[in-house]
Amino acid sequence: MGRTLPSATQLILREQDALAQFRRALRREDQLALDDLFRAARFHVAAIANASHLLPLETMLLAMLIEEHKRVLKLEALLGQPGEQATDAESERLVSGLLPLDGGDDSMAAGQ
């Protein structure tokens, strides 16, 4: 009799557990960001299950990347709407990562 393979959900949970000490060493805001990335990976459990030739972490990173890219596409669509065009300076700051995406107070974006 063969051994049962873990499900994609179990693989995600194992990777999350394996990174628990890494997560603990992060600042609170970074911990929340990492939690969001793991949550994004769980949106793609079926795809992860079908990518058995890759390592579990590789498939999770791809799933996270897909979710982040979808977010970028939404932001680009928002910036491209008539009447809500970003200035050249704002566009440059967004591309360079200095523009806050959540509308929060970002001292780097303010040039301080």
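What the phi angles of segment 52-63 give under the Karplus curve with 6.51, -1.76 and 1.60, with θ = phi - 60°, is a coupling list of 5, 7, 9, 6, x, 5, 4, 5, 5, 5, 4, 4 Hz, glycine and proline written as x. Fewest neighbouring Cβ atoms within 10 Å first, the residues D17, D36 line up as D17, D36.
Shape index of segment 8-72: Rg/Rh, with Rg the Cα radius of gyration and Rh the Kirkwood radius from the inverse mean 1/r over Cα pairs, equals 0.97.
Per-residue Cβ neighbour counts within 10 Å put V72, V45 in the sequence V72, V45, beginning with the fewest.
A short reminder: the numbers here are calculations on the coordinates, not readings from a lab. Keep in mind the model is a prediction, meaning the values are calculated, not measured. Note: ideal-geometry Cβ built from the backbone for every residue, glycine included; neighbour counts use all protein chains shown.
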